[in-house]
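First the structure, in the form of structure tokens, and then the observations on it.
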Amino acid sequence: MKRRIIAAAVTLAVGSAAGCGAKANEPFKDAPRTGTTNSTPADTITMPDGFSNVGTKCDHGNRIYVVYHGDSAYASIAVVPADPTCR
């Protein structure tokens with residue numbers, strides 16, 4: 001009985017791992033986009049240690065703010081539509 005439980009657990013673990021294996025090789029499913037890019041430099045606001053830094057730039061008349069903390073993989077994004085400072 002104990003061997004059957006162990007065999008079932010191993011089978012389940014291998015099956016689960018194999019099912020997720022293709023996810024890493026899956027292509028990005030981005031929305032269609034045009035060939036234009038906004039390669040102008042962003043303005044950066046560097047905050048004291050312990051506080052998040054901010055990057056901002058204009059894109060198509062909208063002001064975009066990205067709040068990030070060092071080289072971490074996370075950020076917050078805010079968009080100000082029709083910002084008068086963006087031409």
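Throughout, read-outs are computed from the coordinates displayed, never taken from laboratory work. The structure presented is a predicted model; accordingly, all values stated were derived computationally and were not measured. Note that each Cβ is placed from the backbone with ideal geometry, even for glycine, and that neighbours are counted across all protein chains shown.
Here is how the numbers come out for the structure above:
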{"quantity": "Karplus (6.51, -1.76, 1.60) ³J(HN,Hα), θ = phi - 60°, over region 53-65, in Hz, Gly and Pro reported as x", "calculated": "8, 10, x, 9, 6, 9, 8, 6, x, 10, 8, 10, 10"}
{"quantity": "Length gained when the stretch D43-V79 is fully extended (0.36 nm per residue, less Cα-Cα span)", "calculated": "11.5 nm"}
{"quantity": "Sequence of S39, S52, S72 once ranked by neighbouring C-beta atoms within 10 Å, starting from the fewest", "calculated": "S39, S72, S52"}
